[in-house]
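Quick notes on the structure that follows.
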Amino acid sequence: MALADEKIHVSSTVRDLAIATQALEKAEQLMAEQESAIQLVDVRIRYIKACVLITENEPDPAQRMAWIRRGIDVGASIQKESPRRVEGYYYQAALKGRHAEMEGGVRGFLEVGEVEELGLKAEKLDASYDDGAPLRLLALLYAKAPSWPKSVGDVDLALEYAEQAVALSDYPLNHYTMAEVLIQAEEFDEARQALQKVLSAPEEGKWARESAHWRAHAETMLTQLQGKP
């Protein structure tokens, strides 16, 4: 468990995160063999979080899809065994969202509704989890999905969730989410301001591990905004 925590909280490489999942599989095996004070749900929550992080960094589509499906299965088990834990709903929503993006077509379209349902359950259980992660997820879902009647997209609703996330926490990823939503709303000056907050945030705490990945995206978005009114 300690090895898994070290890899999940310090590293962002696929190799180290895969090592974390192997350590967690070993922990679950040992728990089945002997009495343990560690709850199985705590092992599985770490496992699905590692799956999510791997899908952010795995370049190979086939491998990324395999980790997505593995994580979705773990998320379902967390929901079944611990229905009051926000993590099972939030992480499964995140993974199903990525699955929908990769699948596309009718299957991807149908999964959007599942993502919304899971995201709303996570938000209801604990909107503050991971500095507002359920709020970020819903903001991006409503910003990027096609609008009604084709799908659940609603830019005004996306802005409401993004504003709630920023009000809850000054965490840079909330400002990044706000920028994404503002771009969809064609509020380009405000989007630039939000991206500048991402780039100027001090690299400390968990942002020290996450910053390189998201700063690169923020810089790309700023470049794409050049010339926008």
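Just the residues that are outside any helix (DSSP H, G or I) and within 22 Å of residue 207 (Cα to Cα), please, taken from the stretch 2-43. I'd like the intermediate steps shown before the answer.
First pass over the stretch 2-43, keeping only residues outside any helix (DSSP H, G or I): 11-13, 34-39.
Answer for the stretch 2-43, where residues must be outside any helix (DSSP H, G or I) and within 22 Å of residue 207 (Cα to Cα): 11, 12, 13.
Of the residues that make up the stretch 50-68, is at least one out of contact with any helix residue (DSSP H, G or I) (no Cβ under 7 Å at 6 or more places or on another chain), surrounded by 15 or more Cβ atoms within 10 Å (Cβ to Cβ), free of Cβ contacts under 8 Å to residues at least 40 places away in the same chain and part of a helix (DSSP H, G or I)?
Within the stretch 50-68 (the criterion being out of contact with any helix residue (DSSP H, G or I) (no Cβ under 7 Å at 6 or more places or on another chain), surrounded by 15 or more Cβ atoms within 10 Å (Cβ to Cβ), free of Cβ contacts under 8 Å to residues at least 40 places away in the same chain and part of a helix (DSSP H, G or I)), the answer is yes, since at least one residue qualifies.
Can you confirm whether the stretch 131-154 contains a residue that is of a type outside the set (Val, Ile, Thr), in a helix (DSSP H, G or I) and loosely packed, with under 15 Cβ neighbours inside 10 Å?
Applying the first criterion (of a type outside the set (Val, Ile, Thr)) to the stretch 131-154 yields 131-151, 153-154.
Now narrow it down to the ones that are in a helix (DSSP H, G or I): 131-144.
Right, trim to loosely packed, with under 15 Cβ neighbours inside 10 Å and you get none.
No, the stretch 131-154 contains no residue that is of a type outside the set (Val, Ile, Thr), in a helix (DSSP H, G or I) and loosely packed, with under 15 Cβ neighbours inside 10 Å.
Would you tally the residues in the stretch 1-22 being farther than 19 Å from residue 75 by Cβ and open to solvent by less than 60 Å² (accessible area, probe 1.4 Å)?
Residues flagged as farther than 19 Å from residue 75 by Cβ and open to solvent by less than 60 Å² (accessible area, probe 1.4 Å) within the stretch 1-22 amount to 8.
Can you report the number of residues in the stretch 98-117 which are under 25 Å from residue 15 (Cα atoms), in contact (Cβ under 8 Å) with a residue 24 or more places away in the chain and open to solvent by 20 Å² or more (accessible area, probe 1.4 Å)?
2
The rows are residues; the columns are (1) modelled with pLDDT of 95 or more; (2) under 15 Å from the mean Cα position of the chain (by Cα); (3) under 25 Å from residue 6 (Cα atoms).
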residue: 157; (1), (2), (3): yes, no, no
residue: 174; (1), (2), (3): yes, yes, yes
residue: 180; (1), (2), (3): yes, yes, no
residue: 194; (1), (2), (3): yes, no, no
residue: 201; (1), (2), (3): yes, no, yes
residue: 205; (1), (2), (3): no, no, yes
residue: 210; (1), (2), (3): no, yes, yes
residue: 219; (1), (2), (3): yes, no, no
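Output the residue which, of all residues in the stretch 23-42 that are among the polar types (S, T, N, Q) and under 21 Å from residue 76 (Cβ atoms), is modelled with the highest pLDDT. Lay out the reasoning, then the answer.
Narrowing the stretch 23-42 to residues among the polar types (S, T, N, Q): 29, 34, 36, 39.
Filter once more, so that each one left must be under 21 Å from residue 76 (Cβ atoms): 29, 39.
Working: 29: 90, 39: 85.
Among those residues, the one meeting the criterion is 29.
Determine, yes or no, whether residue 95 is farther than 27 Å from residue 150 by Cα and among the aliphatic types (A, V, I, L, M).
Numbers: farther than 27 Å from residue 150 by Cα: no; among the aliphatic types (A, V, I, L, M): yes.
Here the answer is no, as residue 95 does not meet what is asked.
If residue 84 satisfies every condition in (1) of a type in the set (D, E, K, R); (2) open to solvent by 60 Å² or more (accessible area, probe 1.4 Å); (3) assigned to a helix (DSSP H, G or I) but one, which is the exception?
Result: residue 84 passes all but (3).
Restricting to the stretch 174-189, and then to whatever is among the charged types (D, E, K, R) and surrounded by 14 or more Cβ atoms within 10 Å (Cβ to Cβ), can you tell me which residue is farthest from residue 145 (Cα to Cα)? I'd like the intermediate steps shown before the answer.
Initial filter on the stretch 174-189 (among the charged types (D, E, K, R)): 180, 186-187, 189.
Narrowing the set further to residues that are surrounded by 14 or more Cβ atoms within 10 Å (Cβ to Cβ) leaves 180, 187.
On the way: 180: 13, 187: 18 Å.
Filtering the stretch 174-189 for residues that are among the charged types (D, E, K, R) and surrounded by 14 or more Cβ atoms within 10 Å (Cβ to Cβ), the one farthest from residue 145 (Cα to Cα) comes out as 187.
Kindly establish whether residue 122 is among the small types (Gly, Ala, Ser), closer than 21 Å to residue 168 by Cα and open to solvent by 20 Å² or more (accessible area, probe 1.4 Å). Quick ask: steps written out before the conclusion?
Details: among the small types (Gly, Ala, Ser): yes; closer than 21 Å to residue 168 by Cα: yes; open to solvent by 20 Å² or more (accessible area, probe 1.4 Å): no.
Spelling it out, it is not the case that residue 122 is among the small types (Gly, Ala, Ser), closer than 21 Å to residue 168 by Cα and open to solvent by 20 Å² or more (accessible area, probe 1.4 Å).
Being free of Cβ contacts under 8 Å to residues at least 24 places away in the same chain and in contact with a Gly (Cβ under 7 Å, 6 or more places away or on another chain) narrows it down to one residue among 138, 120; which is it? Before the answer, list the steps.
Details: 120 fails: in contact with a Gly (Cβ under 7 Å, 6 or more places away or on another chain).
That would be 138, the only listed residue that is free of Cβ contacts under 8 Å to residues at least 24 places away in the same chain and in contact with a Gly (Cβ under 7 Å, 6 or more places away or on another chain).
Mind checking which residues of the stretch 199-229 are assigned to a loop (DSSP other than H, G, I, E, B) and either under 14 Å from residue 175 (Cα atoms) or open to solvent by 50 Å² or more (accessible area, probe 1.4 Å) (or both)?
Of the stretch 199-229, the ones assigned to a loop (DSSP other than H, G, I, E, B) are 201-206, 225-229.
Selection gives 201, 202, 203, 204, 205, 206, 226, 227, 228, 229.
Here are 119, 75: which of them is more than 23 Å from residue 184 (Cβ to Cβ) and of a type in the set (Gly, Ala, Ser)? Talk me through it step by step, then tell me what you get.
Values: 119 fails: more than 23 Å from residue 184 (Cβ to Cβ).
Within the list 119, 75, the selection yields 75.
The values are calculated or read from the model by the stated rules, or taken from the named source; none is laboratory data. Since the structure is predicted, the reported quantities are computational estimates derived from the model, not experimental observations. Ideal geometry is used to build each Cβ from the backbone, glycine not excepted, and the neighbour counts take in all protein chains shown. Only protein heavy atoms, including side chains, enter the accessible area calculation; ligands, DNA and RNA are left aside. Shrake-Rupley method; radii C 1.70, N 1.55, O 1.52, S 1.80 Å.
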